[in-house]
Every structure is written in C-alpha cells, then in structure tokens.
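One structure follows; several queries about it will come next.
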Amino acid sequence: MAKFKRKSAEFEDFKSFKIDSRSFSRQFSGIYKARLASLKVEVLKRAKLKWSDRDFLQIVDLTKDKYEETPCIIIGTLYKHQELKPSILKEMSEELQTIPQPPRQNYCSPRDSLFLEDDVARVKLVGNLNVDTLVTGLVCAVNGHGLSDGTFWVDDFCFPGLHLKPLTQTPSSCAKDHGKFLLFISGLDFINQGACLAQQLLSDWINGFVGDESFQEKAASIVRVIIAGNSIRGSPETFTRKGYFENKKKFSLFAANINVATNRFDSFISRIAHTCTVTLLPGEFDPTCHSLPQHPIHPHILPLTLKVGTLHGATNPWIGKIGSRIIGGSSGQPILDIIKVSNVDVSPIHWLEKTLEWMHFAPTAPDTLAEYPFDQSDSLVMNVHPNIYFAGNMEKFETKLLQGINGKGDYEGQPIRLICIPKFATTQTAVLVDLESLDAKQISFGSIQLE
C-alpha cells in the first residue's frame, strides 16, 4: 500500500481581533466614531470618483439657510430605525413573565426609516434608496440636497467598496500552493448530534483511511482543517423564571450534556489533529464569550487535542495567512444577523459579498449583534481583503469568485473566493478549497460521496 506524506503550508495568524484587556465601562458610541474615522477616507475617495462635480458638506451645515436645496454630498454612518428590533424592555417583560412579544425571524416593517449621522448631527434620509436592503452601521456617502422639512433627499449613494490593501502576490508565490487544499467544516453540533457515521467518515477520510489511493493522496494534500464554529452546540438553550425548580433540574442536565458533548468533540478533533493541523473558531453557542470578537475556545477544554499540539485556537471573526493566500471569515453570526434586519429575498452569499463592499466584517454590531465596546478603533473594519472569505453555519453550500476590475474599480487586487459553509450536523457536508486555483467544491459524507 502506498504511503503519502501530509503536505504543509506556512501559517500566520494576523491576530487582528485579539483583545488583551477587557473593559465594559465604555459606551458603545465609541465604536461608531472609530468606524467612521477609519472608513471616511475610503468612502470619500469613492465619492470623488463618482460625483466629482459636487461639494462636500457636514451634516450640521444642512441646517443653514444658504445650503437649503443646494446639491451636495454628506458622509456619515447609517442608522436604520426599526420598531421591531429587540430591546431591553422587551427582554425584561419576558423575564417578569408579562406578555412577551412573539419571537421574530425578521425585524423589518413598512415603518422602517433611515438616518445618516456623524459625530455632531443626524439627518433623516428620503428619496432614492431602498430601506429594506440597508442596515445600521454602514459608513456611506450620500449625494442629494436638503429639504425644507429638515430631511435630506437622496439622489444616489455609495460605500467604501473594495478599495482595500491587497498583499502583493506573484505567480511564483502562488505556485508554492500547487496541489495544496484547505478543508472547511462548520456546525458539528455534538450536543444534538448522536453517534454519526458521517463524522467518522470525515475523520477517517482526512486521516487517509477511506477510499483508494487517489482519495488518500487528495486527503494528504489537505494542509489545514478550518472548523468554523458551533462545534459543541449549534442552538440556544433558554430558561425563564417560570418553573424555577424544574428549570434548575434542566440546567444540571444541560451542564452534564455540555460536558459529554465537549468530550466527544475533543475525541473527534484529536483524531484529526494527529495527522493534520487544525484551526478552530468558536461559534455563537460554543463555550466562550458571547460578544464579537469571540475569544478562542480555551485549549484546556480540549485536553486530548491539547496534548497533540497541532490545534490553533482562533478568534471569531478570524483572518490570517496560509501559504500565499489570505484567509478570513466568521462562524456566520454577522451574515445571519444582516438577514434578520434586511427584507430582501437573496442568498447569504449576497450579504457576504456586500460586507466586502461595506469594508466591515459585522456592520450590524453592536446594534443587533453583540460586540465588545471599542473606543479608539473598530477592529472589525476590513483593512486587508482575504483571498478566501467564508461564513460558517449556513443552511447550504454556496460559492462565488470575485475577480478583476469591473470598470468602476469595485474589485481590485487579488481574486476573492466567497464560501458559505453548510452546517455539517444537518448536511453532512464539508468544503474543499484549492489554495492555488481557489476552486471550491463540497464533499458529502452523508451519502458517502467523495468527489
């Protein structure tokens, strides 16, 4: 029987989202100030290219009579007013067992409205913009004019776009990635997933125990496995004051189940880590902090894998370098949250692409998505674009390649492979990506189909 040596690739964690000291004594308004300061220059460049004949004004200048009805451009951060968004008062009403508001999958309504604000003032936007397609937290340039009622009429608008800072790559550097692959997995959900043949097939295939020599050779070409969140738990468990003693028993059972699921996940990932390096991102329901960026799962939670020494705990979101490619993405919370506050029937990969145009990993944070209260800078702003950009815990596999310049300068630099990684617990599917060509395809273990 032929033996194949596991290929390897250089690895670097940019540690862009690492928080050395945590303090929640600050206000969340500092995030928006820092975000606007970081992206204002980029959106200003884009606006000058698009509307070179218009003057730029501050939002506060619109209150002056001499600027009323004057065509101009203003820059700020969008705020989307939505009455149906969650609030602390609604949470308290549920906690006190009053009549709670029914849980919603979407917070949009016909009464939603948009505002543009900067560090000084805010103005309501009306006119040529679709409220359903926009979300809170976007840094935006708006072309139009002020109206007598104090609102601002929008003729057109633009975002920072993909005017990012691509790392220089040469054909020779990409050639180093020849025949090397990344494997993406997400949503293993061990607490709700019993003994599963698909999990066993997945680990056996990575370790070269499945298929003929051609399958084993491809498995040996996987230089790193990236696990994108919700590995231990994939759904929430909630308790209320009603039925306190019953819930107390449930909590004890819940803790015991978490312990069993963690041990099963540790055993699973340790088998993979014996033959292949692994990068592990936490998910929304994994045992780590809740707010973005999430801390890596503590290595001592996984003692068997810790002994192997090939596991790299990553933050969520995460960005780093493997071989000559920049890899970045999240466990899916930013994309799922955008879907909740928007009202258009498009696939998640559309919003994944939009976050590149908006130059932000999670624009709806901290409005409807928990985020650490930064004040000097917003670490979730994209300063370097990834060549492979992923979102975990999606319902199905989707992929798209962005490449070249489309005439408006939208896609500059290196190509970008977008990937929506499906939940493995429900689809039994992983995603294999060629580091050299950026080709991506799904591999199903539910029907034992290895492509």
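The values are calculated or read from the model by the stated rules, or taken from the named source; none is laboratory data. In this text the structure is predicted, and so the values were computed from the model without any measurement. We place every Cβ from the backbone using ideal geometry, glycine too, and count neighbours over all the protein chains shown. Accessible surface areas use protein heavy atoms only, side chains included; no ligands, DNA or RNA. Shrake-Rupley method; radii C 1.70, N 1.55, O 1.52, S 1.80 Å.
Report every pair of residues separated by at least 6 positions or lying on different chains whose Cβ atoms are under 8 Å apart, first residue within segment 203-217 and closer than 14 Å to Arg271 by Cα, second modelled with pLDDT of 85 or more and open to solvent by 30 Å² or more (accessible area, probe 1.4 Å).
Ser203/Arg271; Ile206/Thr275; Asn207/Arg271; Asn207/His274; Asn207/Thr275; Gly208/Thr275
Hey, another quick one. Residues being without any contact (Cβ under 8 Å) to a residue 60 or more places away in the chain and among the aliphatic types (A, V, I, L, M): count how many of those fall in segment 175-196.
1
Restricted to segment 269-288, and to residues that are open to solvent by 30 Å² or more (accessible area, probe 1.4 Å) and closer than 22 Å to Asp378 by Cα, which residue is nearest to the chain's Cα centre (by Cα)? Can you show your working first?
Applying the first criterion (open to solvent by 30 Å² or more (accessible area, probe 1.4 Å)) to segment 269-288 yields 271, 274-275, 277, 284-285, 287-288.
Imposing the further condition that a residue be closer than 22 Å to Asp378 by Cα reduces the set to 284, 288.
On the way: Glu284: 11, Thr288: 17 Å.
Among them, the one singled out is Glu284.
Can I ask one more? May I ask you to say which residue of Lys5, Lys48, Lys33, Lys18 is without any contact (Cβ under 8 Å) to a residue 40 or more places away in the chain, open to solvent by 80 Å² or more (accessible area, probe 1.4 Å) and of a type in the set (D, E, K, R)?
Values: Lys5 fails: without any contact (Cβ under 8 Å) to a residue 40 or more places away in the chain; Lys33 fails: without any contact (Cβ under 8 Å) to a residue 40 or more places away in the chain; Lys18 fails: without any contact (Cβ under 8 Å) to a residue 40 or more places away in the chain.
Every option except Lys48 fails the conditions.
Quick check on my filter: what residues within segment 60-83 are over 15 Å from Val135 (Cβ atoms) and either among the aliphatic types (A, V, I, L, M) or surrounded by 14 or more Cβ atoms within 10 Å (Cβ to Cβ) (or both)?
Restricting attention to segment 60-83, the residues satisfying the condition of being over 15 Å from Val135 (Cβ atoms) are 60-75, 83.
Listed by number, the residues that qualify are Val60, Asp61, Leu62, Tyr67, Thr70, Pro71, Cys72, Ile73, Ile74, Ile75.
Here's a follow-up. Within segment 259-280, does at least one residue satisfy the condition of being outside any helix (DSSP H, G or I), modelled with pLDDT of 90 or more, among the aliphatic types (A, V, I, L, M) and touching a strand residue (DSSP E or B) at 6+ places or on another chain (Cβ under 9 Å)? Steps first, please.
Initially, segment 259-280 is screened for residues outside any helix (DSSP H, G or I), giving 274-280.
Next, only the ones that are modelled with pLDDT of 90 or more stay: 274-280.
Still in the running and among the aliphatic types (A, V, I, L, M): 278, 280.
Narrowing the set further to residues that are touching a strand residue (DSSP E or B) at 6+ places or on another chain (Cβ under 9 Å) leaves 278, 280.
Scanning segment 259-280, I find at least one residue that is outside any helix (DSSP H, G or I), modelled with pLDDT of 90 or more, among the aliphatic types (A, V, I, L, M) and touching a strand residue (DSSP E or B) at 6+ places or on another chain (Cβ under 9 Å), so the answer is yes.
Could you tell me whether any residue of segment 326-345 is open to solvent by 10 Å² or more (accessible area, probe 1.4 Å), modelled with pLDDT of 95 or more and farther than 30 Å from Lys80 by Cβ?
No, there is no match, as no residue in segment 326-345 is open to solvent by 10 Å² or more (accessible area, probe 1.4 Å), modelled with pLDDT of 95 or more and farther than 30 Å from Lys80 by Cβ.
Considering only segment 50-68, I want to know if a residue exists there that is under 18 Å from Asp156 (Cβ atoms), assigned to a helix (DSSP H, G or I) and under 26 Å from the mean Cα position of the chain (by Cα).
First pass over segment 50-68, keeping only residues under 18 Å from Asp156 (Cβ atoms): 50-57, 59, 62.
Next, only the ones that are assigned to a helix (DSSP H, G or I) stay: 50, 59, 62.
Add one more test, that the residue is under 26 Å from the mean Cα position of the chain (by Cα), and what stays is none.
No, that holds for no residue.
I'm trying to understand the selection: among the residues of segment 6-35, which are charged (D, E, K, R) and either at pLDDT below 90 or in contact with a helix residue (DSSP H, G or I) (Cβ under 6 Å, 6 or more places away or on another chain) (or both)?
Pass one, segment 6-35, residues charged (D, E, K, R): 6-7, 10, 12-13, 15, 18, 20, 22, 26, 33, 35.
Arg6, Lys18, Asp20, Arg22, Arg26, listed by residue number.
Given the residues Phe4, Phe28, which is the only one that is among the aromatic types (Phe, Trp, Tyr) and under 30 Å from Ala220 (Cβ atoms)? So that I can check it myself, show each step before the final result.
On the way: Phe28 fails: under 30 Å from Ala220 (Cβ atoms).
Being among the aromatic types (Phe, Trp, Tyr) and under 30 Å from Ala220 (Cβ atoms) holds for just one of Phe4, Phe28, which is Phe4.
Could you tell me how many of the residues in segment 291-323 are open to solvent by 10 Å² or more (accessible area, probe 1.4 Å) and in contact with a Lys or Arg (Cβ under 8 Å, 6 or more places away or on another chain)?
2
Which residue out of Leu129, Leu125 is assigned to a strand (DSSP E or B), within 29 Å of the chain's Cα centre (by Cα) and surrounded by 15 or more Cβ atoms within 10 Å (Cβ to Cβ)? Break it down into steps so the answer makes sense when it comes.
On the way: Leu129 fails: assigned to a strand (DSSP E or B).
Exactly one of Leu129, Leu125 is assigned to a strand (DSSP E or B), within 29 Å of the chain's Cα centre (by Cα) and surrounded by 15 or more Cβ atoms within 10 Å (Cβ to Cβ), namely Leu125.
Out of all the residues in segment 93-105, is one or more at pLDDT 80 or above and exposed (fewer than 15 other Cβ atoms within 10 Å of the Cβ)?
Initial filter on segment 93-105 (at pLDDT 80 or above): none.
For segment 93-105, residues at pLDDT 80 or above and exposed (fewer than 15 other Cβ atoms within 10 Å of the Cβ): absent.
For segment 346-365, which residues satisfy the criterion of being surrounded by 20 or more Cβ atoms within 10 Å (Cβ to Cβ) and out of contact with any strand residue (DSSP E or B) (no Cβ under 7 Å at 6 or more places or on another chain)?
Trp351, Lys354, Thr355, Trp358, Pro363, Thr364
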